[in-house]
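The values are calculated or read from the model by the stated rules, or taken from the named source; none is laboratory data. Predicted model, so just to flag it, every value in this text is computed and none were measured. FYI the Cβ positions are ideal-geometry reconstructions off the backbone, even for glycines, and counts take in every protein chain you see. Accessible surface is based on the protein model in full, side chains and every heavy atom, while ligands, DNA and RNA are left aside. Shrake-Rupley method; radii C 1.70, N 1.55, O 1.52, S 1.80 Å.
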Amino acid sequence: MGTIRLQSVTKRFDAVEVIPGVDLSIREGEFIVFVGPSGCGKSTILRLIAGLEDVSSGEIFIDEKPVAQEPASQRGLAMVFQSYALYPHMSVRGNIAFGLKMAGQPKELIEAKVAKAAETLNLTDYLDRKPRQLSGGQRQRVAIGRAIVREPKAFLFDEPLSNLDAALRVQMRLEIMQLHKTLKATMVYVTHDQVEAMTMADRIVVLNKGRIEQVGTPMELYDRPNSLFVAGFIGSPKMNLVSGPAAEQYGAATIGIRPEHIAIGEGAKAVTARIRIAEHLGSDTFIHLDTDELGALTVRAQGHVEAAPGTSLSVILDPARIHRFDAHGKVIVHA
Amino acid sequence: MARAIPLQRRLFMTILAWAAGLLIFFPVLWTVLTSFKTELEAFSTPPKLFFFDWTLENYSIVQERSNYLRFASNSIILSVGSTLIALAFGIPAAWAMAFQPGKRTKDLLMWMLSTKMMPPVGALIPLYLGFRDMGLLDTRGGLIAVLFLINLPIVVWMLYTYFKEIPVDILEAARMDGASLWKELVFVLAPMAVPGIASTMLLNVILAWNEAFWTLNLSTSEAAPLTVFIASYSSPEGLFWAKLSAASTMAIAPILVLGWFAQRQLVRGLTFGAVK
């Protein structure tokens with residue numbers, strides 16, 4: 001089991017309404033990622049699910065049982081914090097075993113579970129160390145170990161990789177995905193990093209100012225963003241957004257096209273551009289252009305492309321890949 | 001890297017620090033020295049600093065005239081007892097203020113502290129009459145209650161400052177791990193706050209040990225601590241400086257020793273939160 005359902009959940013801090021009303025169903029075994037800019041309410045929603053904040057109104061169901069009035073300790077969820085939040089006065093063993101001790105499980109069982117978790121997470125050699133003697137990555141593994149031994153109904157991750165350096169972040173990302181495959185448990189993961197969201201999620205929930213902008217699989221959000229906000233947030237480099245007369249030609253207030261859907265080449269519909277700057281990544285080249293008709297554009301070209309700043313280039317926009325948005329920033333669906 | 005400080009300046013600062021230290025310590029030193037003089041020498045002008053006939057007679061007379069151990073045991077019971085009760089109330093109170101603050105938490109803390117600003121003599125008469133009517137005069141229970149209440153604001157403040165430094169994430173992690181409020185306090189907060197709780201306890205024991213106003217006014221013999229023992233040597237018929245000094249030395253010795261051993265803990269406790 002491990003379904004989570006939010007029903008008209010709102011949250012206000014004094015007079016400030018941070019979550020105006022959220023409805024969401026999380027299926028069993030799903031990896032859900034909440035993504036959005038800072039202050040969008042993603043962590044708040046996670047904390048509401050966890051029970052670390054009280055809902056102002058609405059109901060939360062875990063396995064279809066209402067839990068909004070239950071304390072965090074009774075909800076049967078586990079959480080991994082950005083700061084790791086390990087108990088500094090306990091050894092790694094003590095940290096991992098703490099939840100089981102609180103549940104009053106027998107000693108032998110606790111030892112067996114701790115040993116198994118430590119093995120899964122490569123922590124066996126560190127069981128007697130204190131958290132301060134561990135590296136950042138190891139600390140985060142202890143935090144994950146603390147979560148998995150309890151066999152919770154669902155795992156909650158609050159930006160767990162933000163404090164790690166880039167290389168470790170990629171590695172831990174893979175480990176968490178592997179863990180999800182092995183445990184087949186429901187996981188709710190909060191991040192502001194859209195790359196993490198795209199790579200890890202079964203479904204992504206894009207949040208903006210406490211509201212859900214769109215829920216969908218990573219490819220749905222990438223291919224069919226339903227608003228300017230989602231279009232701009234998902235994808236790296238960002239989608240090119242063009243307003244004004246050029247957009248009106250397409251019957252929209254704003255049009256968007258991703259950098260990878262602009263090709264370099266000549267043709268009837270080619271646009272002439274001046275190269276402002278080029279970023280060479282080896283696998284790709286990001287070329288930043290200025291055009292008369294469309295303003296500034298970013299183009300993603302595969303491999304290494306010679307692009308000297310100041311020279312001219314002509315590019316073609318893939319018409320099938322142009323997204324159209326109305327004046328309110330909502331997508332215009334093709335008739 | 002430490003900045004190089006010129007020798008002259010370092011020398012000057014060292015002398016200044018020693019001078020300030022000696023100045024503060026001088027009354028204690030003088031009391032101890034006087035306790036080894038005869039009554040006559042204790043009065044002599046000019047005063048003799050070290051070169052006098054050292055004698056232990058004051059200590060034996062003081063011991064003969066009054067039962068030091070009874071006063072001392074009362075001091076221990078009153079200071080430790082009131083401190084433990086203050087901690088029992090102070091820890092949950094400080095937890096609530098540090099981790100579940102409300103809109104009025106700051107005001108509440110200020111209000112608690114403001115009770116320490118009132119001159120205690122203002123409350124003496126009502127408290128004395130209340131104690132008399134309830135039969136609490138000269139009882140250990142009554143004195144423990146008073147010492148506990150007058151020091152509670154300081155206990156709460158110190159613990160609050162300490163708890164504020166503990167990341168709330170860790171307590172939340174305990175909650176997520178299924179710990180009830182009680183277990184969270186006992187297994188997570190308390191062990192992490194041990195240095196803070198220890199220094200709060202030490203300071204409070206010292207404050208309660210040295211508290212003279214209430215103990216002198218509300219006790220006479222049965223529950224009387226060492227403060228009453230000292231005061232009994234300053235009588236209107238004539239002061240016995242040497243005996244008074246001997247009594248004072250005996251009264252402050254235990255707490256001085258305790259403070260000496262715990263000074264690191266105390267300094268840390270008093271400056272905690274001041275620098276990060």
Qualifying residue in region B:92-107 (condition: surrounded by 21 or more Cβ atoms within 10 Å (Cβ to Cβ) and farther than 30 Å from A:Ile144 by Cα): yes
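Among the residues of region B:97-107, is there at least one that is part of a helix (DSSP H, G or I), small (Gly, Ala, Ser) and touching a helix residue (DSSP H, G or I) at 6+ places or on another chain (Cβ under 6 Å)? First the steps, then the outcome.
Step one: of region B:97-107, the residues part of a helix (DSSP H, G or I) are B:97-99, B:105-107.
If we keep only those that are small (Gly, Ala, Ser) too, we end up with B:98.
Add one more test, that the residue is touching a helix residue (DSSP H, G or I) at 6+ places or on another chain (Cβ under 6 Å), and what stays is B:98.
Checked against the condition, which is being part of a helix (DSSP H, G or I), small (Gly, Ala, Ser) and touching a helix residue (DSSP H, G or I) at 6+ places or on another chain (Cβ under 6 Å), region B:97-107 yields at least one hit.
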Hits in region B:175-196 (condition: surrounded by 21 or more Cβ atoms within 10 Å (Cβ to Cβ) and at the interface with another protein chain (Cβ under 7 Å from one of its Cβ atoms)): B:Arg175, B:Met176, B:Asp177, B:Gly178, B:Ala179, B:Val188, B:Met192
Filtered residue count, region A:40-77, keeping only those that are open to solvent by less than 30 Å² (accessible area, probe 1.4 Å), farther than 17 Å from A:Thr186 by Cβ, facing another protein chain (nearest Cβ under 8 Å) and not in a helix (DSSP H, G or I): 1
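Criterion first (open to solvent by less than 70 Å² (accessible area, probe 1.4 Å), free of Cβ contacts under 8 Å to residues at least 12 places away in the same chain and of a type outside the set (Lys, Arg)) does B:Gly142 satisfy it? If you could, list the steps in order and put the result at the bottom.
Values: open to solvent by less than 70 Å² (accessible area, probe 1.4 Å): yes; free of Cβ contacts under 8 Å to residues at least 12 places away in the same chain: no; of a type outside the set (Lys, Arg): yes.
Answer is no for this residue.
So which strands (runs of 3 or more DSSP E) stay within region A:257-335 end to end and still have 2 or more residues that are open to solvent by 30 Å² or more (accessible area, probe 1.4 Å)?
Of the strands (runs of 3 or more DSSP E) lying wholly inside region A:257-335, those with at least 2 residues that are open to solvent by 30 Å² or more (accessible area, probe 1.4 Å) span A:262-264, A:271-280, A:284-291, A:295-302, A:312-317.
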Residues located in region B:197-247, provided they are among the polar types (S, T, N, Q), assigned to a helix (DSSP H, G or I), open to solvent by less than 40 Å² (accessible area, probe 1.4 Å) and under 27 Å from B:Ile61 (Cβ atoms): B:Thr215, B:Thr227, B:Ser245
Residue match in region A:79-91 (condition: more than 14 Å from chain B (Cβ to nearest Cβ), touching a helix residue (DSSP H, G or I) at 6+ places or on another chain (Cβ under 9 Å) and either under 25 Å from A:Gly210 (Cβ atoms) or open to solvent by 30 Å² or more (accessible area, probe 1.4 Å) (or both)): no
Matching residues in region B:85-96 - criterion: being in contact with a helix residue (DSSP H, G or I) (Cβ under 8 Å, 6 or more places away or on another chain) and over 19 Å from B:Ile166 (Cα atoms): B:Ile85, B:Ala86, B:Phe89
Count - residues of region B:50-60 that are surrounded by 15 or more Cβ atoms within 10 Å (Cβ to Cβ) and not in a loop (DSSP other than H, G, I, E, B): 2
Single condition A:Asp63 does not satisfy, out of (1) over 24 Å from B:Pro101 (Cα atoms); (2) touching a strand residue (DSSP E or B) at 6+ places or on another chain (Cβ under 7 Å): (2)
Matching residues, region A:139-169, being open to solvent by 10 Å² or more (accessible area, probe 1.4 Å) and small (Gly, Ala, Ser): A:Ser162, A:Ala166, A:Ala167
Selection count, region A:145-163, where residues are under 18 Å from the mean Cα position of the chain (by Cα) and under 14 Å from A:Arg93 (Cα atoms): 0
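Yes/no matrix, rows are residues, columns are (1) without any contact (Cβ under 8 Å) to a residue 24 or more places away in the chain; (2) more than 22 Å from B:Asp169 (Cα to Cα):
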site: A:Val9; (1), (2): no, yes
site: A:Arg12; (1), (2): no, no
site: A:Phe34; (1), (2): no, no
site: A:Glu64; (1), (2): no, yes
site: A:Gln69; (1), (2): yes, no
site: A:Phe81; (1), (2): no, no
site: A:Ala85; (1), (2): no, no
site: A:Pro88; (1), (2): no, no
site: A:Val92; (1), (2): no, no
Matching residues in region B:196-226 - criterion: being of a type outside the set (A, V, I, L, M) and touching a Phe, Trp or Tyr at 6+ places or on another chain (Cβ under 8 Å): B:Gly196, B:Ser199, B:Thr200, B:Asn217, B:Pro225
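Tell me whether region B:155-170 contains one or more residues that are among the charged types (D, E, K, R), more than 16 Å from B:Asn217 (Cβ to Cβ), surrounded by fewer than 21 Cβ atoms within 10 Å (Cβ to Cβ) and within 14 Å of chain A (Cβ to nearest Cβ). Break it down into steps so the answer makes sense when it comes.
Initial filter on region B:155-170 (among the charged types (D, E, K, R)): B:164-165, B:169.
From the residues that got through so far, the ones that are more than 16 Å from B:Asn217 (Cβ to Cβ) too are B:164-165, B:169.
Still in the running and surrounded by fewer than 21 Cβ atoms within 10 Å (Cβ to Cβ): B:164-165, B:169.
If we keep only those that are within 14 Å of chain A (Cβ to nearest Cβ) too, we end up with B:165, B:169.
Checking region B:155-170: at least one residue is among the charged types (D, E, K, R), more than 16 Å from B:Asn217 (Cβ to Cβ), surrounded by fewer than 21 Cβ atoms within 10 Å (Cβ to Cβ) and within 14 Å of chain A (Cβ to nearest Cβ).
So which residues in region A:95-117 are open to solvent by 10 Å² or more (accessible area, probe 1.4 Å) and either farther than 19 Å from B:Phe187 by Cα or more than 10 Å from chain B (Cβ to nearest Cβ) (or both)?
At the first step, the residues of region A:95-117 found to be open to solvent by 10 Å² or more (accessible area, probe 1.4 Å) are A:101-113, A:115-116.
Passing the criteria: A:Gln105, A:Pro106, A:Lys107, A:Glu108, A:Leu109, A:Ile110, A:Glu111, A:Ala112, A:Lys113, A:Ala115, A:Lys116.
Please go through region A:170-189 and pick out each residue that is among the basic types (Lys, Arg) and open to solvent by 50 Å² or more (accessible area, probe 1.4 Å). I'd like the intermediate steps shown before the answer.
Narrowing region A:170-189 to residues among the basic types (Lys, Arg): A:173, A:181, A:184.
A:Lys181, A:Lys184 - these are the residues of region A:170-189 that are among the basic types (Lys, Arg) and open to solvent by 50 Å² or more (accessible area, probe 1.4 Å).
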Odd one out for B:Leu152 among (1) within 14 Å of chain A (Cβ to nearest Cβ); (2) crowded, with 18+ Cβ neighbours inside 10 Å: (1)
